[in-house]
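Engineer: To start, I am sharing the structure in question, which I have written as structure tokens.
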Amino acid sequence: MRYYVRKFGFYLAALWAAVTLNFFIPRMMPGDPVSILMAKLQQRGGSVNPEARRAYELLLGTDTGEPLAKQYLSYLGNMLHGDFGISVSAYPVPVSEVIATSLPWTVVLVGIATVLSVLVGAGLGMVAGWRRGTWLDSLVPATTVLAAVPYFWLALVLVAVFGSALGWFPLIGGYDVDFTPGWNLDFLGSAVHHGILPALTIVISSVGGWLLGLRNMMVSTLSEDYVLTATAKGLPDRRVMIWYAARNAALPSIAGFAISLGFVVAGSIVTEQVFSYPGIGSKLLEAVQNNDYALMQGIFLVTTVAVLGANLVVDLLYSVIDPRTRAGANA
Amino acid sequence: MTTLDVKDLVKDFRIRTGLRGRRLRAVDHVSFTLTPGRTVALVGESGSGKSTIARIIARLERPTAGQVVVQDDDGGRVPDRAYRDHVQMVFQDPFSSLNPFHTVEHHLIRPLLLHGRARTGAEARKKAGDLLERVNLPARDIVHRRPHELSGGQRQRVAIARALAPGAKVVVADEPVSMLDVSIRLGVLNLLARLQREENLAVLYITHDLATARHFSDDILVLYRGRVVERGPADEVILAPRHPYTRLLAAASPDPEARGRSFDIDAAAVVAAGEAPAYDHRIQS
Amino acid sequence: MTDLGPDSPAPRRAALPRLSPKLVTGLALITAITLFGVAGPLLLGDPDAINDIGLTSPGGGHVLGTTQMGQDVLAQIAYATRGSLYIGVLVGVMATVLSALFGIVGSYVGGVVDEAFSLFSNVMLVIPGLPLVIVISAFVPPEQRGAWTIAVVLAITGWAGSARVLRAQTLTLRNREYVLAARVAGEPAWRIITVEILPNLLPLLASQFVFSVIAAILSEAGLSFLGLGASNSSTLGTMLYYAQNGFALQRGAWWWFAPPGLIIALFGCGLALVNFSIDEIINPRLRAVPRRIRHPRREPAPVGRPSQDVVVSVRNLSVTYGNTVQAVKDVSLEVRRGEILGLAGESGSGKTTLAYAINRLHRPPAEVTAGSVTFHHRDGGDTDVLALPSGELRAFRWSQMSVVFQGAMNSLNPVMTIRAQLEDVLTTHRPRLSRHDRRARCARALELVGVDPARLRSYPHELSGGMRQRVMIAMAMLLDPQVMIMDEPTSALDVVVQRGILREILRLRDELGFGIVLITHDLPLLLEVSDRIAVMLGGEIVECAAAEEVLARPRHPYTRRLLGSFPSLTGERGAFVRTGEATGGAR
């Protein structure tokens, strides 16, 4: 119980920190983003009603003479309502709507890629640690090269080979524009087809970390007495490997999930750019190129919430796998 | 003549269970005095509070209540900043009590310089060599070695030399031999005894082993759950134990002469034994 | 008392990594690329010089061809490598300093400071880094976005992971006895941190530094590729940005976009290889083990039973570690039915190795080089244990011979319930047993050792040390084995608890009639409870006789010395005590 309270409390604190960071960053930076934004808006023929201007000012800060604390409170109120202002690059669509259409693409892509990468990486790492001294040891240096390859460069190479040269997969986009998005087979098939290369990029780049982490912990865990006891009990090798060694060896990897996820999210943003994937990463860059500060901040917040949520789920999972956390020891 | 008085020491730990905290009394109103040339043994099982008392005396832990007072030769109270000139400690695990990164010399020179026993590096190095000779270690061979190049017994000797380096007159030895191989334990205990005689040290010997407590100390205090349940001269406490818990401990110790005796000890008896009122041989015999 | 074997730490000398092929390759890659980045710009001319030859493939005057503006790609890469390395090292240094500050100082000071620092690091850790960096960079006008700005932003968003690792390690170090000893000696806090703790964190700091350099180079490349990098410097990322915008990919100009990525990958790979070597210092268990030595399958050659009551015969057994250290030398031994055979010895005497080899539990590099172990079944038939194929060996283990290990705390799997661990034995060895019977048997086994069957649902951490060891004993007799090997079964426990457990062991032995090999350094205990005692020294059995015999007439000088090491509780105060150093002495 204590564990859960602590965890929820922590993620609330992290969320608050992110929201606050979002409030202060534009205020601490040089330049006047609100004016830039307004100018952009006028270029696009947008009318600047006082209400929209006020929303921007709260978001980005400008010299209105209003006390900072008051600005902050109003800003928090807007955030609570999901009111991130109006996107300039997609004028006059509200930021929240832009995010809503692009978020599912990224969540599905990153989600599937992460699950695949964990399964493959942890699986290989488990076997490599268990059978140390065999050819599997050579997997380890091989994966470090993959982990050191920049995501976008790997994406470029994959596109060059499988897209341009071999023509197996489409070069860019999230689906074939001939189909209408929705729950129909044509569209889904097209989306999967388009998603394979981006997902492959993420999986290849992130699999090494999981492999190495689990392999090293396996090696340490194998010298624990309970593994020796399991062997002495005459249990089949598979059972000793999975239930006695790997279950314990996986704990630090799971606890370190936050770090891995951070890298994957970073990688996916760049990867989306290479593939012009209709996800949240592409939108973020679009926003950057158009000085669409409102959209930028909205995306940062939503990404943060998603990452925090994923970490919370993993933490809850951890407490299921490791009974000791539930006992109320320090989490 | 440095003496150390432990007066009515109490230590509570907060334990977190669920959302609420709970207090655990680790040391419960313990008092005793360490005097020069004498050894007091603190005997108890794990969780009896014996190590907590050692840590409080070494000022690694603050007591919840009570105090530890050191008086120097003139009977004046030693001020806080000079406390560590007088009181030093030997730790249990010779494999972790020396820093693996540093040489034997480092471990001795630092306290010598810190406590003003040597003013220059050269003087400190010379005194470090002397200290090693005092604990029967070949100084020239080992001053530049690192802990992992020494055996467990050698390391514990270095640790003893380190405790003596500040010129301390009160030494707390927390299970100093329990991590050593059995065949070298007596050697280390005898070394401590010899140094005690030569320097007229006051020693607090903390152990779970009744036999060495009897042979290497003058007085014994038996601890159970933070309380002193029996105290008195070593032979009286061990040979004529009056408190049921002391008897239980004595009965549980392996005894080669008592083959085939019954082993009946149940948990309830242990708890019941602990509840009995304390016995003080000095007053009650 | 534990046989640490080859992984006892040897710092300082071990603070320098061993020269392994991995390390050499890694260092070579790093050196080559660094040299290229430092010296290349001086030798290769102006990277921005525009030529009217346009996009040219490699050859002729341009080793790696040109860009679409006719600029020499090789010269550009040299400059870009320098730029990337510069930012990487800059971020590495800053992030390591930040993580050391928050990780080490916080956890040493403890209390509220630690809580606050730790909360702060964890928050920084879960907030996704790159989106934050992108947002920050986007707010900084391009003309103010220099290499330093980018480096500072990357350092601020990248230190938290290392801080967490350092904090965990510092928390264990600050309670090491040498740190406590330094406090008792009166060392000031800053000196304890810098002189006593920091040196022992060096390998970890080095590995975190290397890791931040890799991460920084990769992040910077990503940022520049997005057009958000440093505006005044050229890095491998900006090069890729221009390559992408110049449609290098679409025009098949692989020489333009492939080499920059490859350099990042090779440099990262070099750093990672160096990190492996550092990891092996931090965790010596990771050092590669020699390959399993495969021996030709032996034909079973069981030793005939010497007499009806012998259950295990060990003949001339030798065990070596990696062909160099002989841990067990030519040992012969018999275990009889229903007896307690005490195996006494100090650390390094080979007693544990011997016991493990009897059940073939020794692991590489330990290897049986000679001798045999024969198991004599109670209903006739002999088994040559060392020749059993693996399937039969698994069936043999636990059903005929079970083991109780010394780590009372660690013998049970911390993430499985007691029931699951007991039932594992039955589902493997008695697969036909119904679920109901299985549960009943587990409950009965616990009752036999005096543990409430309700504990079946508990996890190991919910039991006391004594209770855990009782559970282990219950598990060991679940299949009614003929021999139980017990390795220091009670050494970690208090004497009163120890007594209780010994009582159960003796009672069960009387009821079920299994033989026990009891390994311990506690000679008085063996003298009291065992039937026969074998004393081991340096891998050999120097004396083996009935317990009374060993006590009354020890023959070997080492046995006498061991006996003399235990002062008697109630006997005379011997001459050896408190007289100086008559016995023992430095070893």
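The values are calculated or read from the model by the stated rules, or taken from the named source; none is laboratory data. Bear in mind the structure is a predicted one, so any value in this text is a computation, not a measurement. A quick note on method: Cβ atoms are made from the backbone with ideal geometry, for glycine too, and the neighbour counts reach across all protein chains shown. These area figures cover heavy atoms from the full protein model, side chains too; ligands, DNA and RNA do not enter into them. Shrake-Rupley method; radii C 1.70, N 1.55, O 1.52, S 1.80 Å.
Engineer: Dividing the convex hull volume of the Cα atoms of the range A:148-189 by its residue count, what figure in Å³ per residue is obtained?
Structural biologist: 89
Engineer: Pulled fully out, how much extra length does the chain show between residue C:546 and residue C:25, if you take 0.36 nm times their separation in residues and subtract their Cα-Cα distance?
Structural biologist: Once the chain is fully extended between residue C:546 and residue C:25, it gains 181.6 nm.
Engineer: A further question on this structure: Summed for both chains, how many Å² of accessible area, to the nearest 100, are buried between C and B with a 1.4 Å probe?
Structural biologist: Rounded to the nearest hundred, the buried surface is 6400 Å².
Engineer: Where the only charges are on Cβ atoms (+1 Lys, Arg; -1 Asp, Glu), what is the dipole of the range A:191-314 about its Cα centre, to the nearest 20 debye?
Structural biologist: 420
Engineer: Using only atoms on other chains, find how many Cβ atoms lie within 10 Å of each Cβ of peptide A:16-29 and report the average. Don't skip to the answer; put the middle values down first.
Structural biologist: On the way: counts 1, 6, 6, 0, 0, 6, 2, 0, 0, 5, 4, 1, 2, 8.
For this peptide, the per-residue mean of nearby foreign Cβ atoms is 3.
Engineer: With r as the distance between the Cβ atoms of residue C:43 and residue C:369 and R0 = 51 Å, compute the FRET efficiency 1/(1 + (r/R0)^6) and round to 0.05.
Structural biologist: Details: r = 59 Å, r/R0 = 1.16.
Here the calculated transfer efficiency is 0.30.
Engineer: Please compute the modelled spin-label separation between residue B:240 and residue C:316, points set 7 Å along Cα→Cβ, answer in nm with one decimal.
Structural biologist: Here the modelled spin labels are 6.2 nm apart.
Engineer: Between residue A:173 and residues 5 or more places away or on another chain, which pairs have amide H atoms under 5 Å apart, with H built 1.01 Å from N, and which residues are they?
Structural biologist: Residues meeting the amide H criterion: A:276, A:277.
Engineer: In the calculated pair distance distribution of the range C:156-220, what percentage of Cα-Cα distances lie above 14 Å?
Structural biologist: Roughly 62 percent, rounded to a whole number.
Engineer: Normalized C-alpha radius of gyration of the range C:83-182, against 2.2 N^0.38 Å?
Structural biologist: Rounded to two decimals, the normalised Rg is 1.27.
Engineer: Order A:51, C:511, most accessible first, counting only protein heavy atoms with a 1.4 angstrom probe.
Structural biologist: Working: A:51 150, C:511 105 Å².
Putting A:51, C:511 in descending order of accessible area: A:51, C:511.
Engineer: Another question, then. Ignoring any ligand, DNA or RNA, what whole percent of the accessible area of chain B comes from carbon and sulfur when the probe is 1.4 angstrom? Could you put the intermediate results ahead of the total?
Structural biologist: Values: 5550 of 11620 Å².
Within chain B, the accessible surface is 48 percent carbon and sulfur.
Engineer: For the range A:179-304, calculate the relative contact order in percent as a whole number, restricting contacts to Cα pairs under 8 Å that are 6 or more residues apart.
Structural biologist: Answer for the range A:179-304 is 20 percent.
Engineer: Let me ask you something else. Hey, could you get me the Stokes-Einstein D for the protein assembly as shown, Kirkwood radius over alpha-carbon pairs, 4 °C and 1.567 mPa s, rounded to whole µm² s⁻¹?
Structural biologist: The diffusion coefficient I find is 38 µm²/s.
Engineer: Sum -39500 (n - 2.57) across every DSSP H segment of at least 4 residues in the protein assembly as shown, then divide by the residue count to get the 222 nm mean residue ellipticity, nearest 500.
Structural biologist: Values: 46 runs with 616 residues, N = 1203.
Only helices count here, giving -16500 deg cm²/dmol.
Engineer: Let me ask something additional. Calculate the dipole size of chain B relative to its Cα centre from +1 charges on Lys and Arg beta carbons and -1 charges on Asp and Glu beta carbons; express the result in debye to the nearest 20.
Structural biologist: I would put it at about 980 debye.
Engineer: Take each complete run of DSSP H in chain C, measure how far its Cα atoms stretch along the helix's own axis, and keep only those covering 30 Å or more with mean Kyte-Doolittle hydropathy at least -0.5; list them.
Structural biologist: C:21-43, C:73-100, C:198-225, C:254-282
Engineer: Which of the peptides A:249-261, C:370-382 is most tightly packed, and how do the rest follow, judged by the mean count of other Cβ atoms within 10 Å per residue?
Structural biologist: A:249-261, C:370-382
Engineer: I would also like to ask the following. If you average 1/r across every pair of different Cα atoms in chain B and take the reciprocal, what Kirkwood value do you get, in Å?
Structural biologist: Over chain B, the inverse of the mean reciprocal pair distance is 20.1 Å.
Engineer: What percentage of the solvent-accessible surface of chain C, computed with a 1.4 Å probe over protein heavy atoms, is contributed by carbon and sulfur atoms? Could you put the intermediate results ahead of the total?
Structural biologist: Working: 13610 of 23650 Å².
So the carbon and sulfur contribution to the accessible surface is 58 percent.
Engineer: For chain C, would you read off the P(r) tail past 41 Å as a percentage of all alpha carbon pairs? Present the calculation step by step, with values, prior to reporting the outcome.
Structural biologist: Values: 83116 of 171991 pairs.
In whole percent, the long-distance tail amounts to 48.
Engineer: Ignoring ligands and nucleic acids, what accessible area does residue B:125 show with a 1.4 Å probe (Å², nearest 10)?
Structural biologist: That residue has around 120 Å² of solvent-accessible surface.
Engineer: Checking a compactness column here: for the range A:234-301, what do you get for Rg(Cα) / (2.2 N^0.38 Å), N being the number of residues?
Structural biologist: On the way: Rg = 19.9 Å, N = 68, 2.2 N^0.38 = 10.9 Å.
Normalised Rg, Cα atoms only: 1.82.
Engineer: On average, how much accessible surface per residue is there in the range B:16-113, in Å², for a 1.4 Å probe, leaving out ligands, DNA and RNA?
Structural biologist: Result: 44 Å² per residue.
Engineer: Enumerate the amide H contacts of residue B:172 below 5 Å, restricted to partners 5 or more residues apart or on another chain; note that Pro and chain-start residues carry no placed amide H.
Structural biologist: Close amide H contacts, sequence-distant or interchain: B:88, B:89, B:90, B:204.
Engineer: Still on this structure: If I take every Cα pair under 8 Å that is 6 or more residues apart in chain C, average their sequence separation and divide by the length, what percent do I get for the relative contact order?
Structural biologist: Across chain C, relative contact order equals 13 percent.
Engineer: Another question, then. Decide, for the range B:55-191, between rounded, prolate and oblate: order the square roots of the alpha carbon gyration tensor eigenvalues as a ≥ b ≥ c, take rounded if a/c falls under 1.5, and otherwise choose prolate if a/b is larger than b/c, else oblate.
Structural biologist: Numbers: a/c = 2.00, a/b = 1.30, b/c = 1.53.
Since a/c reaches 1.5 but b/c is at least a/b, the shape of the range B:55-191 is classed as oblate.
Engineer: Mean separation of Cα pairs under 8 Å and 6+ residues apart, divided by the residue count of chain A: what relative contact order is that in percent? Intermediate results must be reported in sequence, preceding the final value.
Structural biologist: Values: 368 pairs, mean separation 90.5, N = 331.
Averaging sequence separation for qualifying contacts and normalising by length gives 27 percent for chain A.
Engineer: Continuing with the same structure: Based on alpha-carbon centroids, what's the gap between the range C:225-256 and the range B:57-71 in Å, whole number please?
Structural biologist: Answer, in whole Å: 67.
Engineer: For the range B:127-212, what D do you get in µm² per second when you plug the Kirkwood radius from alpha-carbon pairs into Stokes-Einstein at 20 °C and 1.002 mPa s?
Structural biologist: The estimated diffusion coefficient comes to 160 µm²/s.
Engineer: Okay, moving on. Show which lysines lie in cross-link reach of residue B:11 when reach means a straight Cα distance below 29 angstrom and same-chain residues fewer than eight apart are skipped.
Structural biologist: Within the straight-line cut-off, residue B:11 pairs with B:50, B:169.
Engineer: Could you order C:254, A:210 by accessible surface area, starting with the largest, using a probe radius of 1.4 Å?
Structural biologist: Heavy-atom accessible area, descending, gives C:254, A:210.
Engineer: Moving to a separate point now. Once both labels are modelled 7 Å past Cα along the beta-carbon direction, what's the residue A:193-residue A:165 spacing in nm?
Structural biologist: Here the modelled spin labels are 2.2 nm apart.
Engineer: Separate question: Can you tell me the dipole magnitude for the protein assembly as shown around its Cα centre, using point charges on the Cβ only (Lys, Arg +1; Asp, Glu -1), in Debye to the nearest 20?
Structural biologist: The dipole of the protein assembly as shown has a size of about 1580 debye.
Engineer: Residues of B:103-115, mean number of Cβ from any other protein chain within 10 Å of their own Cβ, rounded to a whole number? Write down the numbers at each step before the final one.
Structural biologist: Values: counts 1, 0, 0, 2, 4, 0, 0, 8, 6, 1, 0, 6, 2.
Taking all residues of B:103-115 together, the mean is 2.
Engineer: Ok, one more. When a/c reaches 1.5 or more, the comparison of a/b and b/c decides; with that in mind, is the range A:181-331 rounded, prolate or oblate per its Cα gyration tensor?
Structural biologist: Prolate, since a/c reaches 1.5 and a/b exceeds b/c.
Engineer: Distance between the C-alpha centers of the range B:234-260 and the range A:147-164? Whole Å please.
Structural biologist: Each part reduced to its Cα centre gives a spacing of 76 Å.
Engineer: With every protein chain in place, what's the accessible area of residue C:156 (1.4 Å probe, Å², nearest 10)?
Structural biologist: Solvent-accessible area, nearest 10 Å²: 90 Å².
Engineer: Based on the Cβ-Cβ distance from residue B:126 to residue A:136, what FRET efficiency comes out when R0 is 45 Å, to the nearest 0.05?
Structural biologist: E between residue B:126 and residue A:136, to the nearest 0.05, is 0.20.
Engineer: Given the whole protein assembly as supplied and a 1.4 Å probe, what does the accessible area of residue A:263 come to in Å², nearest 10?
Structural biologist: Its accessible surface works out to 90 Å², give or take rounding.
Engineer: Determine the distance separating the Cα centre of the range B:153-208 from the Cα centre of the range A:182-260; give it in Å without decimals.
Structural biologist: Computed from Cα coordinates, the inter-centre distance equals 50 Å.
Engineer: Along the charge dipole of the range A:186-331, pointing to its positive end and built from +1/-1 on Cβ of Lys, Arg, Asp and Glu, which listed residue (A:243, A:202, A:188) has its Cα farthest out?
Structural biologist: Ranked along the dipole, the leading option is A:243.
Engineer: Let's test the formula: R0 of 56 Å, r as the Cβ-Cβ distance of residue C:434 and residue B:67. What FRET efficiency results, to the nearest 0.05?
Structural biologist: The formula returns an efficiency of 0.30 here.
Engineer: Report the label-to-label distance for residue A:81 and residue B:151 in nanometres (one decimal), using points 7 Å from each Cα along the Cα→Cβ vector.
Structural biologist: 8.1
Engineer: Summarise the accessible area of chain A (1.4 Å probe, protein heavy atoms) by the percent that is carbon and sulfur.
Structural biologist: Whole-percent figure for carbon plus sulfur exposure: 68.
Engineer: Taking +1 at the Cβ of each Lys and Arg and -1 at the Cβ of each Asp and Glu, which of C:338, C:353, C:365 sits farthest along the dipole of the range C:321-378 towards its positive end, judged by Cα position relative to the Cα centre?
Structural biologist: C:338
Engineer: Identify, among B:49, B:68, B:82, the residue whose Cα sits farthest towards the positive end of the charge dipole of the range B:43-85, taking +1 on the Cβ of Lys and Arg and -1 on the Cβ of Asp and Glu, with the dipole about the Cα centre.
Structural biologist: Going by the Cα projections, it comes out as B:49.
Engineer: Hey, got the average number of other protein chain Cβ atoms within 10 angstrom for residues in C:414-421?
Structural biologist: Other-chain Cβ atoms within 10 Å of each residue's Cβ, averaged: 4.
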